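> Take a look at this one; I'll ask things after.
The values are calculated or read from the model by the stated rules, or taken from the named source; none is laboratory data. All values derive from a computational prediction rather than experimental measurement. Here the Cβ positions follow ideal geometry from the backbone for every residue, glycine too, while neighbour counts run over all protein chains shown. Note: accessible area is taken over every heavy atom of the protein model, side chains too, but ligands, DNA and RNA are not part of it. Shrake-Rupley method; radii C 1.70, N 1.55, O 1.52, S 1.80 Å.
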Amino acid sequence: MTTAMLITMIACFAISVSIAVSIGLASVVGIVVAEANMLVAVKEIFNSINKFPLAAIPFFILAGNLMEAGGISQRLVEFAKSLVGGVQGGLSATCVLTCMIFAAVSGSSVATTFAIGAILIPALVKHGYPVSYAASLQATSAELGVIIPPSIPMILYGVSAEVSIGELFIAGIGPGILIGGVLMIFTLLYARYYGYGKQDGVGRMPVWRASSHASLALLMPVIILGGIYGGIFTPTEASVVAVFYAWIVGAFIYRQIKLRHLMAVLKKSVISSAVIMFIIANAGLFSFMLTRAGVPDMIGNFLAEHLTSPNMFLLGVNAALFVIGMFIETSASIIVLAPILVPVAMKFGVDPVHFGTIMVVNLAMGMITPPFGVNLYAACAVAKVSLDKIIPKLVPFVLVILGCVMVITYFPSLSLFLRDLVYAR
């Protein structure tokens with residue numbers, strides 16, 4: 001049964017069938033081969049999406065789109081530029097810092113790419129950066145959208161592995177700051193080496209003025225994350241609060257969201273949400289069939305037999321996740337792999353929350369690596385450049401993220417320090 005499912009899935013990939021449909025068809029083939037009742041498919045697909053925490057996904061996507069339409073994104077860019085934009089290469093560092101702030105609300109890397117890239121990619125090109133570099137930088141920086149909480153992949157991991165989503169969120173802060181800080185340092189050194197961004201300080205607002213303009217935008221992540229960690233509302237409820245806050249600020253204070261804009265924002269959000277939920281539904285069925293076939297136990301026994309130490313296990317998992325992330329969408333990978341790998345990780349003494357940050361950060365690289373890097377395609381669409389043109393500029397960014405993954409993997413306190421501090425109360 002497992003062989004038939006894998007052959008079907010690979011064959012579908014080879015003829016360019018979408019990820020979700022490929023996984024769904026492979027699951028149906030598995031049911032036929034196992035001579036099981038086809039109603040199993042209906043039941044498991046429903047069970048996969050009938051989970052309250054998943055309601056946060058469409059709301060966080062809608063919040064991100066409202067931020068873009070309501071002028072919140074533009075004000076965050078101005079604020080970030082006022083802080084780091086006054087030096088050579090400061091505009092590229094502004095891109096990273098803005099994505100970090102935007103990520104603290106949107107939870108989606110693709111939403112971050114479109115919202116921030118639409119502003120900063122043209123600005124970077126105007127200041128003399130190659131368009132290929134600008135697109136690569138934006139795609140990589142937007143990856144922070146799924147690492148810094150709230151994070152849609154972390155919600156999926158929490159649901160799949162039955163781990164506290166609140167603990168996952170707070171564990172993502174350290175890795176997110178590490179990656180963002182390293183990226184900013186790298187971009188500043190890169191700009192100095194190649195002579196980019198000598199005029200990046202032009203048009204930069206004073207910090208006090210930019211802070212005043214962006215005060216309501218900056219208050220948004222404080223309300224959302226403060227509410228979650230303060231026990232005022234759950235991550236799912238926080239997503240609804242984010243939507244209402246973004247709408248009220250954008251429509252009634254900044255007055256950039258008109259009634260005629262709402263339909264386009266809602267349509268965009270519904271399409272993005274439907275795509276993710278369809279993947280979740282089919283991946284849930286696929287995971288159920290693999291579990292029924294005993295694959296998790298087989299993999300667990302194989303890893304326990306051949307990888308005899310936690311360090312070797314984590315190295316092997318990272319290598320596998322990097323390759324898998326290149327070919328399978330992040331959400332589907334998490335839903336299928338988390339139930340299989342988490343029990344094995346726990347046998348090796350790896351904290352499931354720490355393992356969750358490793359999985360999310362590693363698989364997030366799949367968003368910036370061909371052939372299925374969704375951030376790359378989004379950045380290319382904004383920059384109006386072909387994918388092959390940005391690959392050479394992308395390689396250094398991927399190496400930087402890989403280095404950060406190794407630090408996150410072998411220094412668990414980076415992820416768990418804040419978690420232990422908050423949840424030890």
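> In vacuum, with every alpha carbon of the stretch 1-62 counted as one equal point scatterer, what does the Debye formula give for log10 I(q)/I(0) at q = 0.14, 0.15, 0.18, 0.26 Å⁻¹? Two decimals, please.
-0.52, -0.58, -0.75, -1.00
> Can you spot the aspartates and glutamates whose alpha carbon is less than 20 Å from residue 126's alpha carbon? Ignore those fewer than 8 places along the same chain.
78, 200
> Using θ = phi - 60° and the Karplus relation 6.51 cos²θ - 1.76 cosθ + 1.60, list the HN-Hα couplings for the stretch 95-105 in order, rounded to whole Hz, with x at every Gly or Pro.
Karplus-based 3J(HN,Hα) across the stretch 95-105 equals 4, 5, 5, 4, 5, 5, 5, 4, 5, 6, 9 Hz.
> Same structure again: Could you give me the ³J(HN,Hα) list for the stretch 244-258, computed from phi with Karplus coefficients 6.51, -1.76, 1.60 and θ = phi - 60°, whole Hz, x at Gly and Pro?
In residue order, the calculated couplings are 5, 5, 4, 5, 5, 5, x, 8, 10, 9, 7, 6, 9, 9, 9 Hz.
> Next question. Might you work out the accessible area of residue 402 for me, using a 1.4 Å probe with all protein chains in place, and round it to the nearest 10 Å²?
60
> Leaving out ligands, DNA and RNA, what percent of the accessible area of the stretch 48-125 is carbon and sulfur, probe 1.4 Å?
That share works out to 69 percent.
> Nearest 10 degrees is fine. How inclined is helix 330-347 to the longest principal axis of the chain, computing both from alpha carbons?
Helix 330-347 sits roughly 60 degrees off the main axis of the chain.
> Still on this structure: Here are several values of Rg/Rh (Cα atoms, Kirkwood Rh): (1) 1.21; (2) 0.99; (3) 0.97. Which one was derived from the coordinates shown?
Computed from the coordinates, Rg/Rh (Cα atoms, Kirkwood Rh) corresponds to (3).
> When all protein chains stay in place, what accessible area (Å², nearest 10, 1.4 Å probe) is found for residue 346?
Here the residue's solvent-accessible area equals roughly 110 Å².
> Another question about this same structure. Please compute the contact order of the chain in relative form: average sequence separation of alpha-carbon pairs under 8 Å and at least six residues apart, divided by the residue count, as a percent.
Here the relative contact order equals 25 percent.
> With angles folded into 0 to 90 degrees, how steeply does helix 131-142 sit against the dominant principal axis of the chain? Use alpha carbons for both and round to 10.
So the inclination is approximately 60 degrees.
> Using the Karplus curve 6.51 cos²θ - 1.76 cosθ + 1.60 with θ = phi - 60°, what ³J(HN,Hα) values do you get for each residue of the stretch 24-39, in whole Hz, with x for Gly and Pro?
Karplus values, whole Hz, x for Gly and Pro: x, 5, 4, 5, 5, 4, x, 5, 5, 5, 7, 6, 8, 6, 5, 5.
> Among all the lysines, which ones have a C-alpha under 22 Å from residue 51's C-alpha, if same-chain residues fewer than 8 places away are not counted?
Of all the lysines, those that pass the test against residue 51 - Cα under 22 Å, at least 8 places apart if same chain - are 43.
> Also, quick follow-up: Please compute the per residue accessible area over the chain with all protein chains in place, 1.4 Å probe, rounded to a whole number of Å².
41
> Can you grab the distance from the C-alpha centre of the stretch 108-174 to the C-alpha centre of the stretch 329-353, Å, no decimals?
Computed from Cα coordinates, the inter-centre distance equals 21 Å.
> Here's a follow-up. Quantify how much of the Cα-Cα distance distribution of the stretch 289-393 extends past 25 Å, in percent.
Everything past 25 Å amounts to 29 percent.
> May I ask for the angle, rounded to the nearest 10°, between helix 109-126 and the longest principal axis of the chain, with both axes built from Cα atoms and the value confined to 0 to 90°?
Value to nearest ten degrees: 40.
> Here's a follow-up. In vacuo Debye scattering of the stretch 1-110, one point per C-alpha: log10 I(q)/I(0) at q = 0.13, 0.14, 0.19 Å⁻¹?
Each listed q corresponds, in turn, to -0.72, -0.76, -0.94.
> What part of the accessible area of the stretch 340-425, given as a whole %, is carbon or sulfur when the probe is 1.4 angstrom?
Within the stretch 340-425, the accessible surface is 74 percent carbon and sulfur.
> What figure, in Å² to the nearest 10, do you get for the accessible area of residue 268 with a 1.4 Å probe and non-protein molecules left out?
80
> Which whole-number percentage describes the relative contact order of the stretch 51-206, with Cα contacts under 8 Å and a sequence gap of 6 or more?
That works out to 33 percent.
> What net charge do the residues around residue 38 carry, taking every other residue with its C-beta under 15 Å from that of residue 38, with Lys and Arg at +1 and Asp and Glu at -1?
So the surrounding residues net to 0.
> Residues with beta-carbon under 15 Å from that of residue 234, excluding residue 234: net charge, scoring Lys, Arg +1 and Asp, Glu -1?
Every neighbour counted, the sum reads -1.
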